[in-house]
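Asks: Below is one structure. I have some questions about it.
FYI, it's all coordinate maths here, none of it is from the lab. If you're wondering where the values come from, they're calculated on a predicted model, not measured in any experiment. When we count neighbours, we look across all protein chains shown, and the Cβ atoms used for this are built from the backbone with ideal geometry, even at glycine.
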Amino acid sequence: MENKKTVLVIGAGPAGISAAKSLANDNISVTVLEKEDTFGGNINNWAKLFPNFKDAGEVKSSLIQNFVNNQNIKIVYNKKVTELKKHNQKWIANTSDGEVFESDAAILSTGFKVFDAQYKEELGYGIYPNVITSVEFEKMYKNGKILTVQGSVPKKIAFLNCVGSRDEKVGNHYCSRICCIAAVKQAIEFKELYPQSEAFIFYMDIRMAGQFYEELYRKSQEKHGVVYIRGRISETSSTIDKKVQIKAEDTLAATPLRMTVDMLVLMIGVEASKSTTILSKQNNIDGPYGFAKSKDIHTADNYSNENGLFLAGSCKRPLTLTETIADGKSAAISVVEYLKQTK
Amino acid sequence: MNYNPFIIPFTTGAIILFAIIIYKFIAWYRKLDKKQRFYLRKNILTFKSIEAIKESFLEALIHRNIYKKNLLLGYMHMSLAFGWFLLIIFGKIEASLHAQTLFEEPWLAIFFRYFVRDEHKFFMSEIFPPLMDFLLLVILSGVLLAWLKRFSSSLLGMKKTTRHSKFDKIALASLWWIFPLRLLSESSTAALTGNGSFLTGTVGNLMAVLNLQYFEIYFWWAYSICLFAFFVSLPFSRYMHIPTEVVFIFLKKWGATAGEEYSGYTDFQLNACSRCGICIDVCQMNFAANIQNVQSVYFIRDTRYKHLKDETANNCLMCGRCVEACPVGLELTVIRQQLRNKKEIAGKHYYDYTKPQEADKKYDIVYFAGCMTHLTPSIIISMKKIFEEAGINYWFMDENKGTCCGRPMRQQGFIQQSKDLISINQKLINSSGAKTLVTSCPICYKSFKEEYVLDIEIKHHSEFINELIENNKIKIQNSQKSIVYHDPCELGRGSGIYEEPRNILAKVGNLKSSEFEKQNSLCCGGSLSNAIIELEDQIKIRNHALENLTACNPDILATACPLCKKTFVHGNKAKVMDIAEIIAENISLQNQSSKHKEKNKIKTKIEL
Ligand code: SF4
Ligand code: SF4
Ligand code: SF4
């Protein structure tokens, strides 16, 4: 057997999957280490995807074609990498259960985690049962129903943007990029399910910088009557019948505002996953907010400052699914370039 | 007459000094506000004046409070102040005994050894030379320490030492030289006449190699000029604190306090600061965030010299740590507040839209959660549970439409707006007819206590819960969890509540102590009084505090302020809980009254 080059891919989310497939195509032997017992990462949290409401499961199935049964790809589940180090030109990954993996190059595709909304206690998540996160909304939507804990259809629902993003107080100054459009999507989904109910979106800015986003935003207002209110929610409380009372300021009308809704959905932001932070710190490639830092954001975005360690997907910064898949491929190309040089 | 031209600098200097001091004191006295003058007149002839004399002695001369910080530093201040004081007193006695009148030439005491050169005996004359030598030696040891402090302040337990202005430098330089020059002058005279004792005599013998016949007079001239320089620069330098501190102590003892507005009493306080720099070391802005030039010593100095910058006035947490540490006992945060207060009364009323609902019936207790507590709803839920468990007939005053207590506005200097808010709340509280007002926020608590006119007992929830437990109104169980308690600034230093929270916590868990506790507790960094601090600096202060508080890895970091809770939660270091939450979690259910059990059963049914 010829001496094949080997690459470790850490994380079997969309970025890892797409990178592994491309590398396998180049006849490189890939080992994918996934900490969960299944692949797909955050894509598993979605029911339908923006901007075209495509079923997330379908997208996932086409993504994993040639991934699971690829003879060049070995996927190992339940392997949490606790240490990633370069040693004698080799990349060594230690996992929490004591196993060691070795390769010629490594790709960090450890992705993101969502913001823990309990940190913003004033929003009542974890305290008032009808305050949920956007991730929980997706889960409910997958099951076909959006219901309050009492089991009734919400007559009024509010979505709050920028929870854990663009927020000095929690230390995240950046924009998570996907939550605005996700709110538009979810509000439309809600209104399609329950046309009689009302939906409100509280926002600071509406950031619709993607293909078809603006159109969707417009449609949500014209066709579905979603109401947009500029202003952050400052505090929430609960009424006796478990409705959520919102205090906010309508910054366009410059008045304080009070509203009672049956359900409040927090559009939680994107943060670096724990593994992203730990592994990039170990290799001195950690950037702001615990994300991994690429060598050059314009020309070497898949390279890190560590030779042989590559970055793919949202371990670098918040990215959309579309961007993540493309970035996985792009990382694979960089790895191939590198392996050729080190022959 | 005992006269020589070299006494002229000293005498002129002394006259100028007294003239300026008297002028200044009168000017400040006239600026005292009505209340301060009232107390002065009321208490001047009471034993409070005796107390003031005692305290002046202990503080201005002995420097008791500095001793508490560091022995050597205390000794340095005492040897200079008390030593010099005694030197003047005994010098005067010696001169008067010699001249056999109380009205000898005023400079005679100062230059006694020059003028009285013979062994002329008078009553007790033999005890003075050694006594005066001893005092001089004590003072010189203080001067030596002061020199050392300049080179290495850490020797005297100080991390930072104050930077000086021009007048300070002149005064300091002359102060450093006054006593060495006195030693040289007296020693040279002693060498020529033999009127010295163990110190001046010995030094005189060593100096005898010089042509003292010629040099002696120059030493005396130098000594006198140094005194002149010191006297003339004193009123404009930090040393103005020497006379001012004494007057300040008297005013304080008579009952004066700094009010809302800048007054003559503020001037006395500004000038009573000795710029010892102790407030720099205790300030978290300095040691946690490395921000200089905003500490109280700089604030006081810049205010006194009228070049106060906004940054210096505003970049302060108002945590009160410096107030606790200041050996002079200056009301540093109150003065800062005076300078922050906006002079022009803004015409716009911002709170017209607030139309609070009045109480619909009479209650025993009013509960005011406060704006900050509304941002930490689990505290509110816990308080509700506690009220219900104790079976209390309470009115949750700001449940739906709350109005801020007004203190954050006030701390930013918006007095008028703050008063608007206060009058709204005052009306509401009085409408309830309750006897007790309970609040969950130390900021509101302090505001109710100090800025409201209320005929009602005001309690922070930690006091209230403590009473409920003591009176068996609620039963709690011990969770055995380890707990560290963080004293919130406004509750601890601000309101003096240290024991009640600890009392409660010791009953529900295993209360551990931390390095910074009670009067010495740290600010969480989230203070609303500082609207200009950079977030990164705030985070540095928070993280430093968190590190100290969680050094023993407690299960729970407890606090009694929603703002501290929120700030610490974002630090992500420990499980942070308010006292109310901890109690609500540990209310023991077995002891619930049967009525409550019934009610709960029904509730669960509805939920199902
Ligand atoms: S995408 Fe929208 S909701 Fe998300 S952080 Fe950016 S501005 Fe806020
Ligand atoms: S304010 Fe108090 S502690 Fe600070 S320098 Fe002045 S006297 Fe010392
Ligand atoms: S109040 Fe606190 S922050 Fe302000 S100067 Fe004093 S110690 Fe420093």
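Asks: For chain B, find the longest principal axis of its Cα atoms and tell me its angle to the long axis of helix B:198-207, 0 to 90°, nearest 10.
Replies: 60
Asks: If the only charges are +1 at each Lys and Arg Cβ and -1 at each Asp and Glu Cβ, what is the size of the charge dipole of the protein assembly as shown around the Cα centre, to the nearest 20 debye?
Replies: Numbers: 117 positive and 96 negative charges, 185 e Å.
The dipole of the protein assembly as shown has a size of about 900 debye.
Asks: For chain A, taking Cα atoms only, what is the radius of gyration to one decimal and the Dmax to the nearest whole Å?
Replies: Using the Cα atoms of chain A, the pair Rg, Dmax is 21.6, 74 Å.
Asks: Under 15 Å from the Cβ of A:L193, count the other residues' Cβ atoms, weight Lys and Arg +1, Asp and Glu -1, and hand me the total. Present the calculation step by step, with values, prior to reporting the outcome.
Replies: Working: positive: A:K48, A:K139, A:K142, A:K145, A:K155, A:K156, A:K185, A:K191, A:K223; negative: A:E138, A:E189, A:E192, A:E198, A:D262.
Its environment carries a net charge of +4.
Asks: Where nothing but the Cβ of Lys and Arg (+1) and of Asp and Glu (-1) is charged, how large is the charge dipole of chain B around its Cα centre, in debye to the nearest 20? Don't jump to the answer; show the numbers that get you there.
Replies: Working: 73 positive and 57 negative charges, 237 e Å.
Approximately 1140 debye in magnitude.
Asks: Please give every one of the lysines within straight-line cross-link reach of A:K80, meaning a C-alpha to C-alpha distance under 17 Å, and leave out same-chain neighbours fewer than 8 residues apart.
Replies: Partners found: A:K35, A:K113, A:K274, A:K281.
Asks: Do any trypsin sites (Lys or Arg not before Pro) in the stretch A:54-148 lie in a DSSP loop with no more than 16 other beta carbon atoms within 10 Å, and if so, which?
Replies: Details: sites: A:K54, A:K60, A:K74, A:K79, A:K80, A:K85, A:K86, A:K90, A:K113, A:K120, A:K139, A:K142, A:K145; in loops: A:K79, A:K80, A:K120, A:K145.
Sparse-neighbourhood loop trypsin sites (Lys or Arg not before Pro): A:K80, A:K145.
Asks: Still on this structure, please answer the following. On a C-alpha basis, how far is the centre of the stretch A:101-146 from the centre of the stretch B:162-231 in Å? Whole number, if you could?
Replies: 79
Asks: Only sites in a loop by DSSP and with at most 16 other Cβ atoms within 10 Å count here; which trypsin sites (Lys or Arg not before Pro) in the stretch B:113-148 make the cut? List each step's numbers first, then the result.
Replies: Values: sites: B:R113, B:R117, B:K121; in loops: B:R117, B:K121.
Qualifying residues, ordered by number: B:R117, B:K121.
Asks: Over the whole of B:373-384, what's the average partner chain Cβ count within 10 Å per residue? Rounded to a whole number, please.
Replies: Details: counts 2, 6, 7, 4, 12, 5, 1, 3, 5, 0, 0, 0.
Per residue, the number of nearby Cβ atoms from other chains is 4 on average.
Asks: Here's something else I'd like to know. Calculate the translational D of chain B in whole µm² s⁻¹ from Stokes-Einstein, where the hydrodynamic radius comes from the Kirkwood formula applied to all Cα pairs, the temperature is 20 °C and the viscosity 1.002 mPa s. Write out the running numbers ahead of the final one.
Replies: Numbers: Rh = 28.0 Å.
Answer, rounded: 77 µm²/s.
Asks: Assigning unit charges at the beta carbon (Lys, Arg +1; Asp, Glu -1) and nothing else, what dipole magnitude in debye, to the nearest 20, does the stretch A:117-270 show about its Cα centre? Walk me through the numbers on the way to the answer.
Replies: On the way: 21 positive and 18 negative charges, 43 e Å.
Computed charge dipole of the stretch A:117-270: roughly 200 debye.
Asks: How much length is gained on full extension from B:A19 to B:N211, taking 0.36 nm per residue of separation minus their Cα-Cα distance?
Replies: Numbers: separation 192, 0.36 × 192 = 69.12 nm, distance 3.93 nm.
Contour length minus the Cα-Cα distance gives 65.2 nm.
Asks: For the stretch B:282-440, what ratio Rg/Rh do Cα atoms give with a Kirkwood hydrodynamic radius? Working shown, then result.
Replies: Working: Rg = 19.7 Å, Rh = 18.4 Å.
Rounded to two decimals, Rg/Rh equals 1.07.
Asks: Putting +1 on Lys and Arg Cβ atoms and -1 on Asp and Glu Cβ atoms, find which of A:V170, A:P154, A:A209 reaches farthest to the positive end of the dipole of chain A.
Replies: Farthest along the dipole direction, towards plus: A:A209.
Asks: Could you work out, for the protein assembly as shown, what percent of all Cα-Cα pairs fall into each 10 Å distance bin, beginning at 0 Å and stopping at the bin that holds the largest distance?
Replies: Answer for the protein assembly as shown: a P(r) of 2, 9, 15, 17, 16, 13, 10, 8, 5, 3, 1, 0, 0 percent.
Asks: State the answer as a single residue: which of B:C564, B:F228, A:A248 lies farthest towards the positive end of the charge dipole of the protein assembly as shown, with beta carbon charges of +1 for Lys and Arg and -1 for Asp and Glu, about the Cα centre.
Replies: A:A248
Asks: Quickly rank B:194-206, B:172-184 as a protection proxy: mean count of other C-beta atoms within 10 Å, highest first.
Replies: On the way: B:194-206: 18.2, B:172-184: 20.2.
Peptide ranking by packing, descending: B:172-184, B:194-206.
Asks: Over the Cα atoms of the stretch B:478-589, compute the convex hull volume and normalise it per residue, giving Å³. Please report the intermediate quantities before stating the final value.
Replies: Working: hull volume 10.0 nm³, N = 112.
Spread over its residues, the Cα hull of the stretch B:478-589 gives 90 Å³ apiece.
Asks: Please name whichever of B:Y23, B:I300, B:L454 sits farthest to the positive end of the charge dipole of the protein assembly as shown, dipole taken about the Cα centre and charges placed at Cβ: Lys and Arg +1, Asp and Glu -1.
Replies: Working it through, the farthest residue towards the positive pole turns out to be B:L454.
Asks: With axes computed from alpha carbons, what is the tilt in degrees of helix B:442-451 against the longest principal axis of chain B, rounded to the nearest 10 within 0 to 90?
Replies: Long axis of B:442-451 versus the principal axis of chain B: about 70 degrees.
Asks: Summarise the partner chain shielding of A:120-129 as one whole number: the mean count of Cβ atoms from other chains within 10 Å of each residue's Cβ.
Replies: 4
Asks: Rounded to the nearest Å, what's the spacing between the alpha carbon centres of the stretch A:251-296 and the stretch B:239-274? Just the number, please.
Replies: 51
Asks: Same structure, new question: When only DSSP loop residues count, what trypsin sites (Lys or Arg not before Pro) in the stretch B:268-339 have their Cβ near at most 14 other Cβ atoms within 10 Å? Walk me through the intermediate numbers first.
Replies: On the way: sites: B:R275, B:R301, B:R304, B:K306, B:K309, B:R321, B:R336; in loops: B:R275, B:K306, B:K309.
Loop-located and lightly packed - B:K306, B:K309.
Asks: Name the residue, out of A:N69, A:N94, A:N130, whose mean-square fluctuation peaks in a Gaussian network model built on chain A with Cα pairs under 10 Å.
Replies: A:N69
Asks: Using a 10 Å cut-off on Cβ atoms, rank the peptides B:516-528, B:392-404 from the highest mean neighbour count down. Before the final figure, lay out the partial values.
Replies: Numbers: B:516-528: 21.9, B:392-404: 18.6.
So the peptides B:516-528, B:392-404, ranked by packing, come out B:516-528, B:392-404.
Asks: A further question on this structure: B:E126 versus A:Y174, label points 7 Å from Cα toward the beta carbon: distance in nm?
Replies: About 8.9 nm separates the two model spin labels.
Asks: When DSSP assigns beta bridges and you keep just the ones with both residues in the protein assembly as shown, what percent turn out antiparallel, to the nearest 5?
Replies: Numbers: 32 of 86 bridges.
Taking every DSSP beta bridge within the protein assembly as shown, about 35 percent pair in antiparallel fashion.
Asks: Moving to a separate point now. Could you tell me the ratio Rg/Rh of the stretch B:47-243? Both radii from Cα atoms, Rh via Kirkwood.
Replies: Dividing the radius of gyration by the Kirkwood radius yields 0.99.
Asks: Taking Cα atoms, how many degrees apart are the long axis of helix B:461-470 and the longest axis of chain B, rounded to 10 and kept between 0 and 90?
Replies: So the helix axis and the longest Cα principal axis differ by about 70 degrees.
Asks: Still on this model: Work out the mean other chain Cβ neighbour count within 10 Å for the residues of B:249-259 and drop it here as an integer. Could the numbers behind the result be given before it?
Replies: Numbers: counts 0, 0, 0, 0, 0, 0, 0, 0, 0, 0, 0.
Mean inter-chain Cβ contacts per residue within 10 Å come to 0.
Asks: Also: Net charge near A:K86: determine it from the other residues with C-beta under 13 Å of the C-beta of A:K86, scoring Lys and Arg +1 and Asp and Glu -1. Kindly include the intermediate steps, with their values, before the conclusion.
Replies: Working: positive: A:K85, A:K90; negative: A:E83, A:E102, A:D104, A:E306.
Surrounding charge for A:K86 is -2.
Asks: If you don't mind, there's one more thing I want to ask. So what is log10(I(q)/I(0)) for the stretch B:429-474 at q = 0.24, 0.31, 0.32 1/Å, when the Debye sum runs over its Cα atoms only?
Replies: For the stretch B:429-474 at q = 0.24, 0.31, 0.32 Å⁻¹, log10 I(q)/I(0) is -0.87, -1.11, -1.14.
Asks: Order the peptides B:449-460, B:255-266 from the highest to the lowest mean number of other Cβ atoms within 10 Å of their residues.
Replies: On the way: B:449-460: 16.5, B:255-266: 18.5.
Going by the mean number of other Cβ atoms within 10 Å, highest first, we get B:255-266, B:449-460.
Asks: Right, another one. Between A:S29 and A:R230, 0.36 nm times their residue separation minus their Cα-Cα distance comes to what? Present the calculation step by step, with values, prior to reporting the outcome.
Replies: Details: separation 201, 0.36 × 201 = 72.36 nm, distance 5.12 nm.
67.2 nm is the gain from fully extending A:S29 to A:R230.
Asks: Can you pull a Stokes-Einstein diffusion coefficient for the stretch B:365-468 at 20 °C (1.002 mPa s), Rh from Kirkwood over Cα pairs, as a whole number of µm²/s? Could the numbers behind the result be given before it?
Replies: Details: Rh = 13.7 Å.
Rounded to a whole number, D works out at 156 µm²/s.
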